[in-house]
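Engineer: After the structure tokens below, expect a handful of questions from me.
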Amino acid sequence: MELYNLGKVPWEDSQLMYHALAQLGRESLCLLSPSTPYVCIGFHQDVDQEVDLNFCRANDIPVFRREVGGGAVFLDGNQLFFQLILKENNPIAPKRIDAFYKKFLQPVINVHHRIGIPAKYKPVNDLVVKHRKISGTGAGEIGDCIVFVGNLIIDFDYDTMSRVLKIPDEKFRDKVRKTIKENLTTIRQELGEEKYRQWDEPTLNQMIAEAFDKLSGPLKPSYKDQEIVTKMKELEASMLNDAWLFQKGKRVAGRVVKVRSGLEVVQRIHKAPGGLIRAEFAVENGKYKDVNISGDFFCFPKDSVDRLATVIEDCPADNVSSAIKDFYQTNKIDIPGITPGDWMQVFKI
């Protein structure tokens, strides 16, 4: 298997490299990081819905659609990427996706342990320190290959991450920023100002290579040859254009920001006959958290909606419909033009 230990590269090469290797069917491990920041969206996403394109243009932050799923992320040189390309029929690759992640995240866990961070695997594809995510990973099929991508997060720009996302209002943006900061940690935060500096990019990349070498077999140091360069230029022509970026992806009602495995921050807006309902909440491990409801409807008594929010707080997602119906049946409330079905529309996930 080939090893491409490239260090800092132009931002577009940090994506085109693994796409090219996968399309060429060349099994390899790439270690690199972007020399300048950019935003990367998942293959199935709608860029107009996910990204604040005006902010990105004003701040010279490019946006790229990858051929791997997942969510929109802000990427910069403080994140060291590892990109593993395997043939689909490679016997070392488990067929079940959960088994695949568990196996190939182990080298990354080992590196964190070597530098003094007790990272653990959390299904399906997260590494966490206590409850906080410390590495973002994903896998997908490109050509006849499986591509596994992830990062070592040296440091993270929480403010810019929350700013590049398309957020309906500043109140919800603050909630997103706060939730990300509380649930995403970094090597710098875990080791402290002095210790983290001893782990520079070349050292960490060498440790990643050694860890994967034990799992995948010998890695042969390699350099970009003409075949790879030609394929990258071909992909640049097809992937760095508006037709690729603006193809319509999956749209969702309201705004959903995935923070880590098992935690999403959600804003929903629903126009009912009785008025506009706005709800902001988190869904953590299948339960509703931090529920806030507002809107331009009328309700009697006036605390009815606050009491409904209390009922939904900590409610399992698969039980929310019953909880809302029970609330209406057991309380004397009047919210003209808003039925249990409207609330179920708002809180369905």
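Engineer: Criterion first (assigned by TED's automatic domain parsing to the domain that holds Q15 and part of a loop (DSSP other than H, G, I, E, B)) does F148 satisfy it?
Structural biologist: Against the criterion (assigned by TED's automatic domain parsing to the domain that holds Q15 and part of a loop (DSSP other than H, G, I, E, B)), F148 does not qualify.
Engineer: State all residues of the stretch 151-174 that are more than 24 Å from I117 (Cβ to Cβ) and assigned to a loop (DSSP other than H, G, I, E, B); if no residue qualifies, say none.
Structural biologist: Answer for the stretch 151-174, where residues must be more than 24 Å from I117 (Cβ to Cβ) and assigned to a loop (DSSP other than H, G, I, E, B): K166, I167, P168, D169.
Engineer: Those residues that are part of a strand (DSSP E or B) and touching a residue at least 24 places away in the same chain (Cβ under 8 Å), I need them from the stretch 294-320; list them, please.
Structural biologist: F300, P316
Engineer: Exactly one of these conditions fails for A20: (1) surrounded by fewer than 22 Cβ atoms within 10 Å (Cβ to Cβ); (2) over 15 Å from the mean Cα position of the chain (by Cα). Give me its number.
Structural biologist: (1)
Engineer: If Q15 satisfies every condition in (1) touching a helix residue (DSSP H, G or I) at 6+ places or on another chain (Cβ under 7 Å); (2) in a helix (DSSP H, G or I); (3) not β-branched (V, I, T) but one, which is the exception?
Structural biologist: (1)
Engineer: Inside the stretch 187-287, counting only strands (runs of 3 or more DSSP E) that do not spill past its ends, which hold 3 or more residues that are β-branched (V, I, T) and more than 24 Å from Q15 (Cα to Cα)?
Structural biologist: Details: elements: 255-260, 263-272, 275-284.
Fully inside the stretch 187-287 and qualifying: 263-272.
Engineer: Using the structure shown, decide if R114 is within 14 Å of the chain's Cα centre (by Cα) and either closer than 28 Å to D213 by Cα or surrounded by 19 or more Cβ atoms within 10 Å (Cβ to Cβ) (or both).
Structural biologist: Against the criterion (within 14 Å of the chain's Cα centre (by Cα) and either closer than 28 Å to D213 by Cα or surrounded by 19 or more Cβ atoms within 10 Å (Cβ to Cβ) (or both)), R114 does not qualify.
Engineer: Picking from V266, V283, which residue would you name as being surrounded by 13 or more Cβ atoms within 10 Å (Cβ to Cβ), of a type outside the set (G, A, S) and farther than 20 Å from V51 by Cα?
Structural biologist: Going through V266, V283 in turn, the sole match is V283.
The values are calculated or read from the model by the stated rules, or taken from the named source; none is laboratory data. Here the structure is a predicted model, which means the values were calculated and not measured. Please note: Cβ atoms are built from the backbone with ideal geometry, for glycine as well, and neighbour counts cover all protein chains shown.
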